[in-house]
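Notes follow once the structure below has been shown.
Readers should treat all values here as calculations from the given coordinates under stated rules, not as data from a laboratory. Treat the numbers as computed from the prediction; the structure is a model and nothing was measured. Positions of Cβ are backbone-derived with ideal geometry, glycine not excepted, and every protein chain shown enters the neighbour counts.
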Amino acid sequence: MEAYSADRSLKGKLRRRIARLAQRRPVRMALERPMISFTFDDMPVTAALAGARELEQRGVRGTYYVSTGLAGQTGPMGVYAEAEDARRLAAAGHEIACHTFSHLDCGQANAAAIVGDVDRNSEGLKAWGAAYTESFAYPYGDVSIPAKRALGGRFRTLRTVQAGLVEDGADANQLPAVGIEGPEGEAAAMRWLDRAAERRAWLILYTHDVAETPSAWGCTPEALGHLVDAAVARGFDVVTAAEGARRLGL
């Protein structure tokens, strides 16, 4: 599986911006304490092992957005985890959440293709033991109005990779998130963490592989551990995406 990038043309940027105005499901929130979620896209084996270990050692749990069609394949982030990994994570208290089966770009696919691919992934996750998934992340973070319309009533939250905080008025069908990616990923995420603490907001962090020498889309175990420690020290409630949504009444 080769690296793929969502449409970064002017047309693609305009599509994503216009999508923010449509099919909205506003979040109403007034948190006493800030919340943070640690999420992993595509579930590379390293995220299922090293990533989970960093969280579990600190008594917290994360959310894994899984494309079952990638299971066992090798991609830009390494080998992707399989059913037994998902079962182990779920048994340990992590959330198994939905991507699409084939890692479909929901920003450019039509509604029928999106629904079909999500249905197929849901069936795959059910076979893995995840009978019901509450959270969804758009592969590549790419979103469109047809995608929001097709999936908005199906999951508690739909997450993007558009940087930002979940605050009052945020769109549950297009939630922002901040990546822990690349050499500056930890420092950038830490700045957002401090901002979330000041605003008592919900910060959703995402990464992919978790390795000593990560891909351009991943982070090191040390970086992940530092961010968890910083969140706990600042009084954040560390929640899965589903738990965060439930606390907001979604």
Here the longest stretch of the chain that holds no trypsin sites (Lys or Arg not before Pro) in a DSSP loop having at most 11 other beta carbon atoms within 10 Å is 29-250
Whole-Hz couplings from phi, Karplus 6.51/-1.76/1.60, listed for the stretch 24-40; x for Gly and Pro:
7, 10, x, 8, 10, 8, 8, 7, 6, 10, x, 10, 9, 10, 9, 10, 10
Output the antiparallel fraction of DSSP beta bridges having both residues in the stretch 31-247, as a percent to the nearest 5.
15 percent
Could you go through the stretch 224-230 in sequence order and give the Karplus-derived ³J(HN,Hα) for each residue, using 6.51 cos²θ - 1.76 cosθ + 1.60 with θ = phi - 60°, rounded to whole Hz, and x for Gly and Pro?
4, x, 4, 5, 4, 4, 5
Treat each spin label as a single point 7 Å out from the Cα along the C-beta direction, and report the ASP194 to ARG53 distance in nm.
3.1 nm
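Just want to confirm a number: the relative contact order over the chain, from Cα pairs under 8 angstrom separated by 6+ residues, in percent.
Relative contact order for the chain comes out at 28 percent.
So for VAL115, VAL239, fewest C-beta neighbours within 10 Å to most, what's the order?
Fewest-to-most ranking of VAL115, VAL239: VAL115, VAL239.
Roughly what % antiparallel, to the nearest 5, for the DSSP beta bridges in the stretch 1-160?
For the stretch 1-160, the DSSP antiparallel bridge percentage is about 20.
Under 1.5 on a/c is rounded, so check that first for the stretch 113-221, then, if it is not, pick prolate when a/b is larger than b/c and oblate when it is not; a ≥ b ≥ c are the square roots of the alpha carbon gyration tensor eigenvalues. Write out the running numbers ahead of the final one.
Details: a/c = 2.14, a/b = 1.36, b/c = 1.57.
It comes out oblate by the Cα gyration axes.
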Working from the pairwise distances between different alpha carbons, so that the mean of 1/r is found and then inverted, what is the stretch 55-177's Kirkwood radius in Å?
14.9 Å
Segment ALA187-GLU212, length gained on full extension (0.36 nm per residue, minus Cα span):
7.3 nm
Once phi is turned into θ = phi - 60°, what whole-Hz ³J(HN,Hα) does the Karplus curve with 6.51, -1.76 and 1.60 give for every residue of the stretch 153-163, x standing for Gly and Pro?
x, 9, 10, 5, 9, 10, 10, 10, 10, 7, 5
Report the local net charge at ALA47: Lys and Arg +1, Asp and Glu -1, summed over other residues whose C-beta lies under 12 Å from its C-beta.
-4
Taking neighbour Cβ counts within 10 Å as the exposure measure, how do VAL210, VAL27, VAL232, VAL178 sort from fewest upward?
VAL232, VAL27, VAL178, VAL210
Taking the Cβ of each residue in MET190, MET35 as the centre, tally the other Cβ atoms inside 10 Å and list the residues starting with the fewest.
MET190, MET35
Calculated Kirkwood radius over Cα pairs in Å (choose from (1) 19.8; (2) 20.4; (3) 17.7), label
(3)
Nitroxide proxy distance, nm - points 7 Å out along Cα→Cβ at ARG120 and THR74:
2.4 nm
